[in-house]
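Step one of this worksheet: look at the structure below.
Where a number appears in this text, it was derived from the coordinates with a stated rule and is not lab data. Keep in mind the model is a prediction, meaning the values are calculated, not measured. All Cβ positions, even for glycine, are placed from backbone atoms using ideal geometry, and neighbour counts span all protein chains on display.
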């Protein structure tokens with residue numbers, strides 16, 4: 001399962017099975033998953049060619065998880081994010097979100113699913129520039145048909161939660177990038193969605209504000225929210241508890257962030273002996289130390305982490 | 001336009017029937033015969049007057065006027081034309097019998113040839129012949145050149161001398177009830193046919209008929225204007241559609257955001273259709289304001305009392321708002337059907 005292509009060489013990762021599971025919440029596998037993708041295919045027709053953007057992918061995500069889906073551009077992660085976000089439907093396969101089969105829904109039904117169950121956080125914030133922060137945050141509630149008074153109260157509360165309650169009269173372009181992203185988080189939270197879906201949430205931010213946003217997402221996770229981050233950056237992916245790596249439309253890795261970190265470190269070592277050493281019995285302790293250092297370090301030191 | 005033309009005709013009287021005849025050596029009709037017809041149909045007509053139109057020049061000393069309409073009429077013409085006297089008397093039956101050289105003048109003639117002096121008893125030269133002024137008429141229009149105040153009336157018997165023809169070819173009848181107009185005309189036609197035995201020798205027309213003719217003419221003109229308006233509205237509609245299409249393209253991202261947050265197709269459709277409707281309704285209001293101002297001010301400049309009609313204001317407002325909605329619908333539907341993924345990706 002854990003075959004990872006790395007520098008033209010297949011590494012058989014042998015991370016100890018004693019890999020700590022404390023990072024994982026104790027999730028009973030008997031629970032009904034919040035998200036269940038079953039054998040998802042998404043095929044685009046490009047001229048004479050069929051492109052399999054998703055090639056028989058299956059995935060389960062449970063309530064309360066913090067998952068990052070990582071992959072290079074062209075790996076099919078955006079396709080998966082669109083399907084998970086009910087923005088698109090698969091060519092074949094089933095997608096069950098909160099007990100509902102989303103995979104065969106029509107445009108308007110999908111809109112309702114997005115409105116009721118998903119909070120989006122986008123790379124480009126996607127705020128409406130001509131409306132003030134309050135109106136922006138209110139928007140999902142407008143489409144949910146919530147009354148004006150309740151709408152305003154909830155939107156203001158949500159803005160307060162991200163620390164922008166006093167700025168509700170401002171317009172998005174009067175704010176910094178980090179603040180705008182916080183507004184979009186407030187907008188994602190306002191409808192109490194069961195899933196928060198963040199597409200490259202730090203893609204447009206500098207490392208410092210990225211850190212803030214990620215910390216905030218972690219805080220939301222601690223409060224019990226289910227969060228899925230889509231990213232191309234492995235160092236961002238490591239912030240989650242569980243990492244799902246996608247390549248060529250399928251999952252090539254699905255495990256804890258710790259395990260994923262080991263693999264990345266391994267792949268970033270230049271010499272085969274170092275790689276071997278890392279994958280030995282002691283590797284895990286070595287890695288733990290790295291991760292501990294890592295989490296103490298400001299984000300960005302590990303920007304070189306990719307494979 | 002229509003108002004102006006109808007107005008200027010209505011003071012000529014819609015209860016008049018004009019009869020013109022062409023007398024031949026064997027078959028002819030004279031005022032006495034006509035009076036006989038009038039007496040026979042006393043229940044239909046109130047009065048009748050022969051009218052002799054004289055072309056010519058008026059002269060008082062060195063003052064001349066050649067615009068006045070000079071007519072030979074009977075003593076009843078005051079009723080026919082609904083005139084009132086301001087001083088003196090009108091033409092009398094005795095004047096007609098004895099072919100008196102007397103005349104009654106309109107207020108414009110009195111003003112332009114006598115400059116406020118009392119013209120009564122003075123002499124007015126009509127084509128060189130001297131007539132004594134016995135009466136002055138009350139102002140009826142606004143005492144302008146060429147108006148119905150620019151007139152001179154003389155006994156029809158005297159007027160035939162000026163025209164050098166004993167023949168009287170034109171008569172004006174007044175009907176009691178305008179609803180019986182058609183019937184009155186047929187009575188006149190029958191009587192005349194008995195005399196002339198040839199329909200080409202006489203003509204009976206009512207003023208209301210002429211009015212209808214004029215109205216149909218102005219109707220054609222209105223139709224033409226409506227046609228032009230329709231074309232410009234179509235062009236405007238296509239303009240609105242274009243603007244809306246541009247707006248949809250420019251706001252693709254916004255649509256994507258709204259859809260990703262749960263806006264349904266009909267919500268987006270509604271937003272854009274209302275936007276188009278409101279935009280063009282505002283345009284319509286501006287257009288109506290501009291149009292009304294221009295109509296009144298330009299109308300005043302060329303001397304027409306032009307009033308924007310409420311009916312057309314309502315129609316044009318509805319059309320402009322309607323055009324916005326109709327032509328906004330297509331781009332709006334396109335916006336509503338956009339795929340949120342593609343819409344979000346656009347810049």
query: Where both partners of a DSSP beta bridge lie in chain B, what percent of those bridges are antiparallel, to the nearest 5?
result: 80 percent
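Stick to Cα atoms and the Kirkwood definition of Rh, then tell me Rg/Rh for segment B:1-139.
On the way: Rg = 16.9 Å, Rh = 16.9 Å.
That ratio is 1.00, to two decimals.
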task: Could you list A:232, A:221 in order of exposure, starting from the residue whose Cβ has the fewest other Cβ atoms within 10 Å?
output: A:232, A:221
The protein assembly as shown - share of DSSP beta bridges that are antiparallel (%, nearest 5): 70 percent
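Which value results for Rg/Rh of the protein assembly as shown when Rg is the Cα radius of gyration and Rh the Kirkwood radius based on the inverse mean 1/r?
On the way: Rg = 48.2 Å, Rh = 33.7 Å.
Taking Rh as the inverse mean 1/r over Cα pairs, Rg/Rh reads 1.43.
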message: In segment B:164-194, whose amide N lies under 20 Å from the spot 7 Å out along Cα-to-Cβ of residue B:93? List them in ranges.
response: B:172-174
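Residues of B:259-272, mean number of Cβ from any other protein chain within 10 Å of their own Cβ, rounded to a whole number?
Values: counts 7, 11, 19, 19, 8, 8, 4, 1, 4, 1, 0, 0, 0, 0.
Other-chain Cβ atoms within 10 Å of each residue's Cβ, averaged: 6.
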Between segment B:211-226 and segment B:133-185, the alpha-carbon center distance in angstrom: 28 Å
query: Quick one: Cα centre-to-centre distance for segment A:186-203 and segment B:248-312, in angstrom?
result: 38 Å
task: Kindly provide the helix-only [θ] at 222 nm of chain B, computed as the sum of -39,500 (n - 2.57) over DSSP H runs of four or more divided by all residues, to the nearest 500 deg cm²/dmol?
output: -17500 deg cm²/dmol
query: Tell me, what is the FRET efficiency for residue B:266 and residue B:301 to the nearest 0.05, using R0 = 51 angstrom and their Cβ-Cβ distance as r?
result: 0.50
task: Using only Cα atoms, tell me the angle between helix B:310-337 and the longest principal axis of chain B; keep it within 0 to 90° and round to the nearest 10.
output: 20 degrees
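By how many nm would the segment from residue B:115 to residue B:20 lengthen if fully extended, with 0.36 nm per residue of separation less the alpha-carbon distance?
Working: separation 95, 0.36 × 95 = 34.20 nm, distance 3.68 nm.
Length difference between fully extended and current span is 30.5 nm.
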- request: Among DSSP beta bridges lying fully in segment A:32-256, give the percent that are antiparallel, nearest 5.
  value: 60 percent
message: At a 10 Å Cβ-Cβ cut-off, how would you order B:272, B:115, B:153, fewest neighbours first?
response: B:115, B:272, B:153
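Report Rg(Cα)/(2.2 N^0.38 Å) for segment B:86-193, keeping two decimals. Intermediate results must be reported in sequence, preceding the final value.
Numbers: Rg = 16.7 Å, N = 108, 2.2 N^0.38 = 13.0 Å.
Scaled against compact globular proteins, the figure is 1.28.
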task: Return, for the Cα atoms of segment B:234-345, the radius of gyration and Dmax in Å, separated by a comma.
output: 18.5, 63
- prompt: Just the Cα atoms of segment A:45-180: what Rg and Dmax do they give in Å?
  reply: 17.9, 55
- request: With everything on Cα atoms, drop me the angle between helix B:31-40 and the longest principal axis of chain B, reported from 0 to 90° to the nearest 10.
  value: 70 degrees
query: Could you give the distance between the Cα centres of segment A:28-73 and segment A:129-170, to the whole Å?
result: 32 Å
